[in-house]
Structure formats: structure tokens, C-alpha cells
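Reading through the C-alpha cells given below for one structure.
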Amino acid sequence: MWVLVILMFFSLLVALIFLGAFIWAVKSGQYDDKYTPSVRILLDDELKINTDQKRKEK
Amino acid sequence: MGKDKPDYSNGDIKAVRGEVSVKVETFSYDNQIVKNFALATIVWGIIGMLVGLIAAVQLFLPQLNLGIQYVTFGRIRPLHTNAVIFAFVGNAIFMGVYYSIQRLCKARMYSDLLSKINFWGWQLIILSAVVTFALGYLTSKEYAELEWPIDIAITVVWVVFGINLLGTLIKRREPHMYVAIWFYLATWVTVAILHIVNSLEMPVSLFKSYSLYAGVQDALVQWWYGHNAVAFFLTTPYLGLMYYFLPKAANRPIYSYRLSIIHFWSLIFIYIWAGPHHLLYTALPDWAQSLGTVFSIMLIAPSWGGMINGLLTLRGAWDKVREEPVLKFMVVAVTAYGMATFEGPMLSLRNVNAALHYTDWIIAHVHIGALGWNGFLTFGILYWLVPRLYRTELFSKKLANIHFWLGTAGIVFVALSLYWAAITQSLMWKQFTPLGVLQYPNFLETVLQIIPMYVIRAIGASAYFAGVIIMVVNLLKTMKMGSFLIDEAAESPAIISRNGGDRGHRWLEKRPVQFTIAAAVAILIGGIVEFIPTFLVKSNVPTIASVKPLTALEQQGRDIYQREGCNNCHSQMIRPFRSETQRYGEYSKAGEFVYDHPFLWGSKRTGPDLQREGGKYSDQWHFYHMQNPSSMSPGSIMPSYPWLYTQRLDISKTGAKINALRKIGVPYRAGYENFANTELTRQADAIAKGLLSSGVPAEADKEIIALIAYLQRLGTDIKVIQAMK
């Protein structure tokens, strides 16, 4: 079972290094705007080509 | 503030909107892959649910298996759970992710080839599951029953999916990663880790392996996996889908984006700790049980945060819910999620768990989740998505409404009947007479009492299934009306290099990777804190000197026990309650399971516990009981196993099995593999001779003899100590 302990130890080590990277990512602005993202996903404009194609196929 | 800090709040957003002149790129979305996964979802959904319905009927009509070993309850129960989880829900996850990730990233999938490998690979894995389960090749670890070659295939396909997902994120044109994407990433990382850690096994042959872990450790790893499979396969990806498709269907933004951020990080951090709540009062160390309980109770906060966020998105738009079947399905789905995530923490309380574990309450609980949350959200998404892919309207809203009401009624019937059955059975198990003896000492009595509830459950399941068939008709008609658009043209401004130029752009590209890693950190901490002490601290698993490895014949019997899926209905774990020790015998101790690869504690008592089965009945009793259970226990709902009496025990791999088990720590003496079969034959002959002398027509080389040998050994090792005292 000791192999597993070593595996776990290394995952924890790697994980902790990247915890720092995570804090860094948060600090860099992904969460700065808490409004626009929720609205933006609703704005998928239908492209004219797609509608044309639909008409053609009908 | 660093120069490379992107600022989404003003200029860049305008740029994304195209208000500032930037280069607009045109590209197309791959709809074909979404359509493929949608069709697979429908097909496997029908199969998975139909198998579930058959299993439900077999619980009161065991003859329904027609005496065919490939469709007995023990083999189709894992088929049902796996088909629903990995085939139905799995394909639905891919469908939703492949549709939404392209639109959220404003980019086509990273690679069409990887998409195809992901699709066909996944379908092949499911097909191989259907075949191998029917043949009885399974590892007995719940929701991880697939044997090792298929486990490797799953890993490969999952990695392909991951590369495709991350690749798409790296080439995305939308700098901000919407909340749904985080849920997808957390799902990917965690499922990969769970699957690999839990599937470590020692192969014996192409379709047989033994779990690397034994007893308590195996149980802990399994339920760390089992619980988190629910969390990260049935929950987080579906929350991602909810955060995308619910706002889309209602055409309004999610209630609170801020809440979604908190919801996400707290949920993934807390979920990973909750696994031990499946093992309360078992031989698992107490500290691990308490830790699991505490975190399970805390889980209600993020879970309900998510539910509230979903439901409040519809505030002021409930008129739309009345009109729109898509929203109806989604509202019930989110409500069912709320119910199931309330039930979960409650069931993790020790006193509630003491009463309801091993009963049908757990089955009801998972069906609220599976039928309500996963099923209804999938249906809602399908009703929304199929007309869009085919650029038309839904064929009939009326049919969709009929489906909705049939499905809802189905869930209510399934859940309520099982709740009723659970309470009835639990009370009967624990009832003592005033004189202090069990009021219902015969387990069968407690089974016969709840059979009407099983009938009602099957009726509910039929209603639910009928609804699905109606949906399929409706969707097929919709497809016929419309015309499918394979490559949907789209355009978006190229991603803007921010202040820092190349530096900013390149920095941003790394971000999905960082997100994934951060999610990995959050989920790993819990697992590691629970694992390492269990493996390191020897005193956690005290050894018992009298506990010895199984003989070759008994090990073969155990393999048959696994093949027939006995552990689906019988536990091997007596909890330290008076009602259980009186009924079954001495409570289970961790040290008794040190050679159990895998552990077979079970999670449901449709039949009685078998931990102390050894010596309870005669060989003769077992012989007739397995052949026709109602001959020994009139009214029994256990199926017959006639094939065990005609099939010869395969002893060609005995040596390989002994070798494999020794490699993972079972102390068989050196050279045992060489004469294992001689000893096996001797033991089998002795049992057959004993049976013959009492007038039972037994043949020593048949499988039943091995099974009897195993059943008679169960739980007897510690009786040696008791006898010495």
C-alpha cells in the first residue's frame, strides 16, 4: 500500500503548488465582473447564413 | 496591478460586443456531434430504464428471469445502474457539454476527430458493459463494476474528452469562462482521479481481477468513489448544464452570478469529504465516519445555494413555466435536486442512518435524484435542443405535457412506495417483544410485508417509462419536420490582445489549465486527509490472528458469489446494534476483512445479512435453497440458480488467482498455487460426499459446491476465538 501513499503525497505536493496558481488566477480578474457574463450567454445572434440555409432547404 | 491584468469591465467588453472595430472571425459550430450524443442519450435511456423496470418487477416476480442466468437480478441490477448513469446520463452530459462549450467559447470544438473518438469510444464501452455484465464479468464495486480492460478504455476516452475540452477552451474567443465551464472542468478532473484510484486492480485473466485494496480500505476507496461519482458525474456536470440551459430556456440571466461562484467552489470542496457517510456504524474507523457526517451536513448549504439560484432565475417568469414544457421539466428537476440534497445530509445523521441504511429508502433517494434531477433535466434539454438543432418548433407541446405529468406521477409513486417500504421494514427489523426477543426473527416476514410496495413502485416506473416513449415519438416527429444543420455558422471578434500584447494573450491561454488544477486541489484535499491516515496508521485495521485466507475452493465460491451479484441484495456487515447482533450474530470487525479483495459489504438488504452465514444452516439446506429458494423459505423472492448445478467449476485459473491474491497481500504459503487444485478437489469431494450421505444428489465438480463452501466459511474465523474463550 506504500506506493499509494507516495502517489498521494506527490499529488498533494503538486496540488499545493497549483493552489498558489489558483489564487493568482482569481486575483487576475476572472471574477471582477459579476454581471455581464450571466447576460452575455443569452446573446447568441442567429447568423444570416443559417437562416438562408434554412429557407433554401424548405 | 500588473500590466497583464485583463479588464473586462469596460473597454474589452465593448470590444467583444463589436462596438470597437476588431477583426471579426467566422467559423462554425459542430452540431453533428451534439446530435449523435442526443440520439445516444435517447437510445440508452430507453434501454437503461427498461432494464430498471424489469429489475423492479423481478423483485416481486423473480420468475420473470425465465431461469436464464444472463438476466437474473444480480446481473441486471448493475447493468441498470451503469446504463442509467454512464450511458443515459453520460451521453446527456456529452450532448450538453459539446453544445454549450462551443457557444460559450465562441469556437468550434478543438478537434472533430477527438469528438468522434469520444463518441464512438463511449458507445463501445457501454456495449461492452452490456455484454460483460450479462456474462457475469464484474468487479462487484458499485458503479465501478466494469472489469479492468474496460476501465482502461474508459480512461482513454475520458482523456480524449479532456483534451478536446481543454483544447476548445484554449482556442476560445470569449475571454471570460462562464460558470458552466468551471463545472465541466471540475467534473473532468475529479472523475478522472476517482476512476483511476478506485479501479486499481490485479488482473488474473482478461475478464477477472481483484481489487488492489482489501476490506476496510477497499470500502473506503469504493465509497469515496461511489459518493463522488454521484457528486461529479450526476451532479456537477448537470449543474453546469443547468447554469447554461435553464437561463437559455427562460431567456433570462441566472439569478445571481456571484452566488454561482460561491456555489461552485464550496460544492466541489465539500463534496469530496462526504463518502464515509455510506459506511456509518461499519468497521470503518470512527473518526473517518464523523468527518464524513460533518461534511455531508455542511453540503446542504452549497447544494441549496445552487437550487435557489436555479429556481430564482425564474422569478417573475412563472407565467412562462405554465406555457413551456421545457421549463416545467427544468423546474421539477431543480426541485428534485433540492429534495435529494436535503435527504442526503439527513441520511448522513447517525441516528437516521441507523434506521434507514440497507433499506429501500436509499433506493428511493437515488431515484429522486436519477428520475427527477437527471432524467427531467435531460428531458428539458432534449425538448429545447432538438428543435434548435433541426431549426423548427417542437412537434407537440401537448405530448410534452403528457410526458411531464406521467413522469412526475411516476416519480411520486416510485418514491412514496419505497419510503413506505423502508419505514415498514426498518421498524420490523428492530422490533423486540416485551420479553426482549426479536418480534420478527424470520427475515422473510419483513420482505413479504413490503411486496405490495414493490408492485406500486413498478407501476410508477412504468408510468415514467411510458412518458419517455411519448417523448421519443415527439422528438422523432420534430426531427422529421425540421432540417438538421450540421455546421452552424457563427462569428465572433478575434480574442483581443490586452494591454500586454502577446504576453496577455498567452497568459490567458493558460487559464483553463489553471482552473482545472485549482479544482483538482479543492477536491484532492478531502480525499487525501481521509486516505493517508487509514493507510498509514496500522491500528486502524487491527488484525485478528485467527482470520485466515480462504481455501482455493472457497475463493472460487466467492468469485461465483460476485459473478451472480449476491452482494446486490445481501450485505456482509453486521452493525453493532442489539437488533442486528440478535438477528445475525457477532458484529463485524475490521480485522475480519483484511483478505477481502474486493470487500463485499453491500449497501442494501433485500435479503438478510450473510456475514455470519457460515454454519448457520446445513450444506443440504444451501443446496436446496439455491436450487429453489421457496422450497426452504416459502414466499422467498430470491431467484433460483439452476445453472450452478449443471455448470462445472472452472478450475483452470485457480493457480493464477492464488498468485494474483498473494501479490496484493493475501498470505498464501509459497507453492500453494501448485497444489491448490488438489486441495480444492479434496474439499469439494468431502462436501459432495457429505451431501450424498444425506441423500442429496450432489456432484463434486459443480459450481454449487464451491458456493456452499464459501457460504459455510463466511464469518466463522472469529468463532475460533470465541470457542477458545
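Here, each number is a calculation from the coordinates, and none is a lab measurement. Everything numeric here is computed off the predicted structure, so don't read it as measured data. Heads up, the Cβs are rebuilt from the backbone with ideal geometry, glycines too, and the neighbour counts pull from every protein chain shown.
Do any GluC sites (Glu not before Pro) in the range B:307-412 lie in a DSSP loop with no more than 12 other beta carbon atoms within 10 Å, and if so, which?
Filter output for the range B:307-412: B:393.
What percent does the relative contact order of chain B come to when contacts are Cα pairs within less than 8 Å and at least six residues apart?
It rounds to 18 percent for chain B.
Averaged over B:335-346, how many beta carbons belonging to a partner chain fall within 10 Å of each residue's beta carbon?
Going residue by residue through B:335-346 and averaging, the value is 0.
Let me know the mean shielding of B:190-199 by other chains, meaning the per-residue number of their Cβ atoms within 10 Å of its Cβ.
On the way: counts 0, 0, 0, 1, 0, 0, 1, 4, 0, 0.
Whole-number average of other-chain Cβ neighbours for B:190-199 is 1.
Going through the range B:298-336, which trypsin sites (Lys or Arg not before Pro) have at most 16 other Cβ atoms within 10 Å and a DSSP loop state?
B:315
Starting from the Cα gyration tensor of the range B:584-689, take the square roots of the eigenvalues, sort them a ≥ b ≥ c, and report rounded, prolate or oblate (rounded when a/c is under 1.5, otherwise prolate if a/b is larger than b/c, else oblate).
Judged from the Cα gyration tensor, the range B:584-689 comes out oblate (a/c at least 1.5, b/c at or above a/b).
Do any of B:657/B:689; B:141/B:328; B:171/B:328; A:34/B:480; A:27/B:35 go past 30 Å between their Cα atoms, and which? Mind showing how you got there, number by number?
Numbers: B:657/B:689 26 Å; B:141/B:328 36 Å; B:171/B:328 36 Å; A:34/B:480 41 Å; A:27/B:35 39 Å.
Correct reply: B:141/B:328; B:171/B:328; A:34/B:480; A:27/B:35.
Just to confirm a number: summing +1 for Lys and Arg and -1 for Asp and Glu over residues other than residue B:580 whose beta-carbon lies under 13 angstrom from that of residue B:580, what do you get?
Result for the local shell: +4.
For the Cα atoms of chain B, what angle does the longest principal axis make with the long axis of helix B:112-135, in degrees from 0 to 90, nearest 10?
Roughly 20 degrees, rounded to the nearest 10.
Going by average Cβ neighbours within 10 Å, how do the peptides B:544-557, B:377-390 rank, with the highest at the top? Write down the numbers at each step before the final one.
Values: B:544-557: 20.6, B:377-390: 23.9.
Ranking the peptides B:544-557, B:377-390 by packing returns B:377-390, B:544-557.
Over all residues in B:208-216, what is the mean tally of Cβ atoms on other chains that come within 10 Å of each residue's Cβ?
Average per residue, whole number: 1.
Where both partners of a DSSP beta bridge lie in the protein assembly as shown, what percent of those bridges are antiparallel, to the nearest 5? List each step's numbers first, then the result.
Working: 13 of 14 bridges.
Among the beta bridges of the protein assembly as shown, antiparallel pairing accounts for roughly 95 percent.
Choose one of B:84, B:439, B:357: the residue whose Cα lies farthest towards the positive end of the charge dipole of the protein assembly as shown (beta-carbon charges +1 Lys, Arg; -1 Asp, Glu; about the Cα centre).
Most positive-ward Cα: B:84.
Given the peptides B:160-170, B:692-702, arrange them by the average over their residues of other C-beta atoms within 10 Å, most packed first.
Values: B:160-170: 20.4, B:692-702: 13.5.
The packing order, highest mean first, is B:160-170, B:692-702.
Can you tell me which of B:49-55, A:38-44 comes out highest on packing, and rank the rest after it, using the mean Cβ neighbours within 10 Å?
Averaged packing, sorted descending, gives the order B:49-55, A:38-44.
Give me the net charge for the shell around residue B:225: Cβ to Cβ below 11 angstrom, other residues only, Lys and Arg +1, Asp and Glu -1.
-1
When a/c reaches 1.5 or more, the comparison of a/b and b/c decides; with that in mind, is the range B:161-301 rounded, prolate or oblate per its Cα gyration tensor?
Details: a/c = 3.11, a/b = 1.53, b/c = 2.03.
Oblate.
Modelled label-to-label distance, residue B:544 and residue B:582, 7 Å Cα→beta-carbon offset: nm?
In this crude label model, residue B:544 to residue B:582 measures out at 2.3 nm.
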